[in-house]
1. Taking the condition of being part of a helix (DSSP H, G or I) and exposed (fewer than 10 other Cβ atoms within 10 Å of the Cβ), how many residues in segment B:172-194 meet it?
2. Would you list the helices (runs of 4 or more DSSP H) that sit entirely within segment B:448-497 and hold 1 or more residues that are without any contact (Cβ under 8 Å) to a residue 24 or more places away in the chain and touching a Gly at 6+ places or on another chain (Cβ under 7 Å)?
3. Among A:65, A:26, which is the only one that is part of a helix (DSSP H, G or I) and either more than 7 Å from chain B (Cβ to nearest Cβ) or touching a strand residue (DSSP E or B) at 6+ places or on another chain (Cβ under 8 Å) (or both)?
4. So residue B:432 fits all but one of (1) within 11 Å of another protein chain (Cβ to nearest Cβ); (2) in contact (Cβ under 8 Å) with a residue 24 or more places away in the chain; what number is the exception?
5. Of all the residues that make up segment B:52-71, how many are within 43 Å of the chain's Cα centre (by Cα) and not in a strand (DSSP E or B)?
6. Looking at segment B:383-404 only, could you name the residues that are more than 8 Å from chain A (Cβ to nearest Cβ) and not small (Gly, Ala, Ser)?
7. Please determine whether any residue of segment B:214-225 is surrounded by fewer than 17 Cβ atoms within 10 Å (Cβ to Cβ) and either within 14 Å of residue B:377 (Cα to Cα) or modelled with pLDDT under 80 (or both).
Amino acid sequence: MAKFNVLDHNLVPEHHIVPEEEEKDILKELNIEKEFLPKISPNDPAIKALEAVHGKIKEGTIIKIVRKSPTMGHSVYYRVVASEVFK
Amino acid sequence: MASLLWRDTSKNISAIMERLPVNYALDFDVPKDIEDGYITINRKNFTYHVVISGVMPYSPETEAIAKKKSGLKSIITIEKVEKIEPLSVMEFRAGGKTLETIANFEVGERQVTEIREKYGENLSEDVQNVLDDAKAMGFTIPESVAEEIARRRQEWGEKTYRNILKRIGEEIGNELIDPYEAVGIIAAQSIGEPGTQMTMRTFHFAGVREMNVTLGLPRLIEIVDARRIPSTPSMTIYLKPEYETNDEVVMDVVKRLENTSISDVADIITDIGELTVTVRPDPRKTKDRLIEMEDIMNAINRIKGITVMEDSGQIIIKPQQESFKKLYLLQEQIKGLTIKGINGIKRAIARVEGKEHRWVIYTQGSNLKEVLEVDEVDPTRTYTNDIVEIANVLGIEAARNAILNEALRTLQEQGLNVDVRHLMLVADMMTFSGSVRAVGRTGISGRKSSVLARAAFEITTKHLLRAGVMGEVDKLAGVAENIIVGQPITLGTGAVDIIYKGYPKTKK
């Protein structure tokens, strides 16, 4: 029921889907396993907006977030789409 | 493209579907240029889509299926009816405003939102060059620093530029956080110490009439506790640039936002002898809030099981079932009846900001979702101080930014300088799991994976008992659990084991 594009809001940083073939490189660079990445819910409005562009987003997809940072200019953050929250 | 929207019975629809194409007589006037329509049965979702090929005024001679027995006004020719996936009523707009109830008929437009990913501005070549140079020297510098260097590169000359870049690299190297440094503790202290300096008082929000917003320590506590509803929810609403300086539009929006109930504009009198409730609108109040008698009638007509009479400017309402209990319930129901406005917005005040005479609307009460759907509102800047609401409407990343902004603003208003990195860490921790978590028993601390750490924090027996029953395993990775068992903690040097590489085996 989106009537406005949430990705346009000033508070929402850029969200990009990471292609599956690039996932390995990112996880290697961060030296981490996928399940330990910060999570984002599949029902998150930003994910819903991405789905309107790219079609269904599977759980386990890594989302690259490019934030505007007051200290860094831009900073890159990763979240993994997961419905279960950490226990 | 405008579409005809109306409510109908499933009986009528099946009658139409049997005899396609067919003329159908409706009890309302239909504009000539309509080409399709949607039918709802339950007033919530549209379930049928019809293709309309002609519209004409009603005449009894034309052969047509009638929607009702009397009061017919126009005839449409229906070419095709198809069942569609339920389409929410909210997807349509009528006459520029959101359609709230489709009683019988409206002409509305299906809204189409173009959703595209946004891509940030690319870095200019100069900045990229600086970043590349730094990388060649073996370190990375933040973009914001690179921009500054790129701007001054010309005046410095190439040699000075190289030297400065080298020195920056050294400085950054010195400032880096060491591996296994306890950043969380440092953040806690860095926010906590200035926090002791905060006044416990909440100030009135200077400049805006009677608007009270929680500030200072109570507000900071509220932010880290991730309360469902903050104690003073408020919104800052920006209008689209074309309306920002237009006084009339601004005042109109303010009136449309403010939630007006019947008791705000009318006197409600209950007559126990006659068993009636009389609503007597106050002309001064209705004029002030731009409310017509019709609006009040529409609101009252939504109540079921009553008979309504209008008599010289007052409305007399009688419950169909004559009992004191019904009368009392009716009275209460009428008092709280919303005539117009957005749920939750108690007050809205417009204020001029800046030299350019731009209006900004401040509200008491918050309803981000519905406010963003108002046409004149700029959906890219409008802001609320309710963090949980932001998480629901704009997503977890927006909530993270909101936590950061709110906390930083609260501290700065008190004249405290806390490094933004500490607040970023807190904001990131709070949104780590994909939903906003409080710092404390119910949130971050209460959900650590280590049993002993949780037991050391709060409700010891509960956690230990549960861990025993469930057979939980503690990997002793954190601080508290290692202190409990008497081991070195996994911080700083304690985190590093002796590494013995040995000599490679030589083949004999």
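1. First, pick out the residues of segment B:172-194 that are part of a helix (DSSP H, G or I): B:172-175, B:183-194.
From the residues that got through so far, the ones that are exposed (fewer than 10 other Cβ atoms within 10 Å of the Cβ) too are B:174-175.
Selection size over segment B:172-194: 2.
2. On the way: elements: B:451-457, B:460-470, B:480-485.
Correct list: B:451-457.
3. Values: A:65 fails: part of a helix (DSSP H, G or I).
The unique qualifying residue is A:26.
4. Residue B:432 satisfies all of (1) within 11 Å of another protein chain (Cβ to nearest Cβ); (2) in contact (Cβ under 8 Å) with a residue 24 or more places away in the chain except (2).
5. The first filter runs over segment B:52-71 and keeps only residues within 43 Å of the chain's Cα centre (by Cα), leaving B:52-55, B:67-68.
Within this subset, residues satisfying the condition of being not in a strand (DSSP E or B) are B:67-68.
Summing the residues that are within 43 Å of the chain's Cα centre (by Cα) and not in a strand (DSSP E or B) in segment B:52-71 gives 2.
6. B:384, B:385, B:386, B:387, B:388, B:389, B:400, B:403, B:404
7. no
Let's see how each residue does on (1) within 28 Å of residue A:42 (Cα to Cα); (2) modelled with pLDDT under 90:
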site	(1), (2)
B:420	no, no
B:424	yes, no
B:428	yes, no
B:438	yes, yes
B:447	yes, yes
B:454	no, yes
B:457	no, yes
B:462	no, yes
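The values are calculated or read from the model by the stated rules, or taken from the named source; none is laboratory data. Computed from a prediction, not measured in an experiment: that's the story for all the values here. Backbone-built Cβ (ideal geometry, glycine too); neighbour counts: all protein chains shown.
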